[in-house]
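Report on the structure given below.
Since every read-out is calculated from the coordinates, none of them should be taken as a lab result. Source: prediction; values computed, not measured. Note that we place each Cβ from the backbone using ideal geometry, even for glycine, and neighbour counts take in every protein chain shown.
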Amino acid sequence: MLKLNPRFQAGLAIAILISVLLYFWGKQIPQEEIENFVQSSGPWAPIAWILLHQVSYVIAPISGLPFLVSGFYLFGKTAIVYTYFVVLIGATINFWISRIWGRSLVSKFAGKDAIEKIDKLSKEYGVITLIAARMLQGGIGDFVSYAYGLTPMKFSTYILITALAIIPGNVIWYYAVSKTNSPEGSIVVSILFAFFAALIFLIGNFLVRKFKKKNRHDML
């Protein structure tokens with residue numbers, strides 16, 4: 001387990017605590033009140049939304065859809081730009097949760113069912129896998145972040161790849177959403193985009209593993 005500056009660990013622990021508190025607070029109020037809270041933040045509304053959205057990235061089983069829906073109603077397609085920063089912050093927090101506290105704490109945030117998926121991803125880690133996962137992450141971005149925290153990859157390499165690789169997908173997503181005329185249309189496009197992106201990643205991952213297995217068999 002990695003030893004880091006106590007102040008850094010304390011700061012990360014506070015960030016996690018805030019995310020947990022926001023999660024339980026968010027469960028108690030309807031969607032309209034969340035939107036009202038963000039709107040009441042005035043010029044700080046985008047920052048308030050970005051911080052609230054972290055809940056779905058740090059606590060993996062929580063769906064990010066309600067936050068995305070509110071984002072489209074509040075900001076239109078600009079919500080996609082803000083989502084870029086949501087992903088970067090969430091990817092950083094999840095990575096360091098894994099890197100500092102290890103698998104036992106990850107299982108508490110991601111859930112017991114998700115830990116098997118995280119274990120698989122961490123065993124198959126690598127630069128190419130991370131690039132593919134970030135470009136086509138769909139609904140598995142939080143699992144990828146936890147998984148790479150369990151690997152020896154340097155944080156600088158991890159966050160640079162993450163920051164760059166998610167841009168193409170966001171550009172395509174933004175373009176697709178710009179062709180719709182309502183928040184509802186944006187939501188439908190976003191759900192379909194996430195579904196097909198995740199499907200492409202999973203199929204690609206399956207084919208790569210099958211190809212590697214075949215090559216190993218041919219070499220014997």
* For the pair residue 127 and residue 88, how long in nm is the line joining their label points, each one 7 Å along Cα→Cβ? -> 2.1 nm
* **Nitroxide proxy distance, nm - points 7 Å out along Cα→Cβ at residue 196 and residue 178** => 1.8 nm
* **Residue-count net charge about residue 183 - beta-carbon cut-off 12 Å; Lys, Arg +1, Asp, Glu -1** => -1
* To do: Just order 69-76, 38-45, 127-134, 164-171 by mean Cβ neighbour count inside 10 Å, highest at the front, would you?
  => 69-76, 127-134, 164-171, 38-45
